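Sharing a structure with you now.
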Amino acid sequence: AVCGAGRVACGGGGGGGSEGRRADIMERILAPVARSEFFTNTFERAWGYYPHNESLIPITMGHVAEWFGTSGQAAKAVEVLPHPVTKKPFKKEGAKKKPLERYQDAFLQGYSMVVNSLHLWSDPGAVLARELYESIGLPVDVYMYLTPPHSQSYTLHCDVMDAFMVQLSGSKTWRICAERNYRSAPASEYKGKCQDVTLRGGDVLYLPFNMMHHAVTTDELSSHLTVNIERQYYVWATLIVAAVHKVLLPDSRVEDFMESGAFSMESETDLENYFHELMHLKPQLAMLPLSQSDPLHASQWLARPLSGADLPAGYLGSLLAELTTLVSEVLSSLAGAPKLGSKKLNFGRRTIEAKEAFAMLVEPTEDVMHWVLEVARLHSVKHFGRDNPQRLFPPADVFSSLAAARSQVTAAGELNKVKGAAAAKGRLVGPGAWLVRRQGLRAVLRGAE
């Protein structure tokens, strides 16, 4: 079957779950496509369509009405988008109207709206974010879009993060353009070929970042979840930016680098735009490390480990080998594109030419790569902390290193100083306690045997 034609899953075949256990959220989304098939042929590389007869997420329009009517937090999270025809914002007439009435008025007038950060205050949204994080290993955010009939939320555009579009009710027709728009060309200048696919209640669509798309409704309203996967922070381009910073400024501290805002790849700075331009020449820059050699596990070792001691044997060596090859190929491409190679780039307090920046990583060291991975792990923890880690995810480990915690009895005393929910755990840690890693948790505290 052609991808997008009829009710046939795109991305391959094979079983979804494993016998003897309940399939996880990724397996339920992809079924009947196998997880291995998705990560090998679709994830990061192409869009995928996964039809289902019923919604995987228990959210109905009745829940939405209840949230707007009873939850002050839900009402505050709603953003009414400009009208698709007039482009004008919605005027909140009738100050005495309750939030539900105001949003009903907006909907009847043809306005679409987005309910932001559903994972922070909605139980179904929180469960979805937590389960997807456990399955894919990267930070997750959940948003909800409500679109009236014969309307749309946005025109043709591309996003800076991956997303799963989960249709809850009604239907929505998506136009998806397969050629990636790494250069962020305006929609009016985009010449790629596009294809339409209609999502109905239960269907799921996967879009990697920088893929042009837009969606419209016809005779039906639509409610769908946009489940963002923050992969853009962990691709080679972002990690290379961090590595160059470390080589140029050897005394750089992980925390200071994070606070500078330089660890990003969302086309917000000249440096980020430059790397997006390079992605057009070398698409591997837009992919996770080892996603070609080990696609099924590439996302699992960037944000989840507590320290370098938790990485599997050979992982760091494989990372360094792949980076060495990638840098060599980029330098070759820059030799054939003198303007790109001589482009001046700002890395913190230093400004150097692009080819000089890549030349610094011809022989990357383990120390630099360890530092880069520490940045990635800290970003993941900060992302959770920005939201609500005690509600969404297992609390992040309070030690700077699990390996250090194993060898330092005094580290237990530091845990006792932690306030809030973690404090109760801290009081259980004594000189005879020991810590182990377990899949799905950031740390497990166990008593001495």
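Where the Cα atoms of segment 48-192 are projected onto their three principal axes, how long is each span, largest first, in whole Å?
Between the extreme Cα coordinates on each principal axis of segment 48-192 lie 48, 40, 28 Å.
What's the extension gain from Ser328 to Asp270 if we count 0.36 nm per residue and subtract their Cα-Cα distance?
Length gained between Ser328 and Asp270: 18.6 nm.
Could you pull out the trypsin sites (Lys or Arg not before Pro) across segment 107-183 that fall in loop regions by DSSP (anything but H, G, I, E, B) with no more than 15 other Cβ atoms inside 10 Å?
Arg183
Can I ask one more? Taking segment 93-153 as the region of interest, what is the percent of Cα-Cα pairs per 5 angstrom bin, listed from the shortest bin to the one with the maximum distance?
Spelled out per bin, shortest first, that is 4, 17, 18, 16, 16, 14, 8, 5, 2, 0.
Follow-up. Can you work out ³J(HN,Hα) from phi for every residue in segment 254-263, in order, using Karplus 6.51 cos²θ - 1.76 cosθ + 1.60 and θ = phi - 60°, giving whole Hz and x for Gly and Pro?
4, 4, 5, 4, 4, 5, 6, x, 6, 7
Please list, by residue number, every one of the chymotrypsin sites (Phe, Trp or Tyr not before Pro) in segment 190-251 that is coil in DSSP and has at most 11 other beta-carbon atoms within 10 Å.
Those that pass, being in a loop and sparsely packed, number zero.
Using the Karplus curve 6.51 cos²θ - 1.76 cosθ + 1.60 with θ = phi - 60°, work out ³J(HN,Hα) for each residue of segment 49-58 in order, rounded to whole Hz, and write x for Gly and Pro.
For segment 49-58, the Karplus curve yields 10, 10, x, 9, 7, 8, 5, 7, 10, x Hz.
Which lysines have a Cα less than 26 Å from the Cα of Lys282, not counting those fewer than 8 places away in the same chain?
Candidates past the 8-residue exclusion: Lys191, Lys193, Lys246, Lys339, Lys343, Lys344, Lys355.
Using a basic spin-label model with each label point 7 Å from the Cα along Cα→Cβ, how many nm lie between Glu366 and Leu108?
6.9 nm
Put a dot 7 Å past each Cα toward the Cβ at Glu179 and Glu101; how far apart are the dots in nm?
5.2 nm
Using only Cα atoms, figure out Rg for segment 315-377 and give it as a multiple of 2.2 N^0.38 Å.
This ratio for segment 315-377 stands at 1.21.
Are there trypsin sites (Lys or Arg not before Pro) in segment 203-293 that DSSP puts in a loop and that have at most 13 other Cβ atoms within 10 Å, and which ones?
Values: sites: Arg231, Lys246, Arg253; in loops: Arg253.
Qualifying residues, ordered by number: Arg253.
A short reminder: the numbers here are calculations on the coordinates, not readings from a lab. Not measured: the values here are computed from a predicted model. Here Cβ is always computed from backbone atoms with ideal geometry, including for glycine, and neighbour counts include all displayed protein chains.
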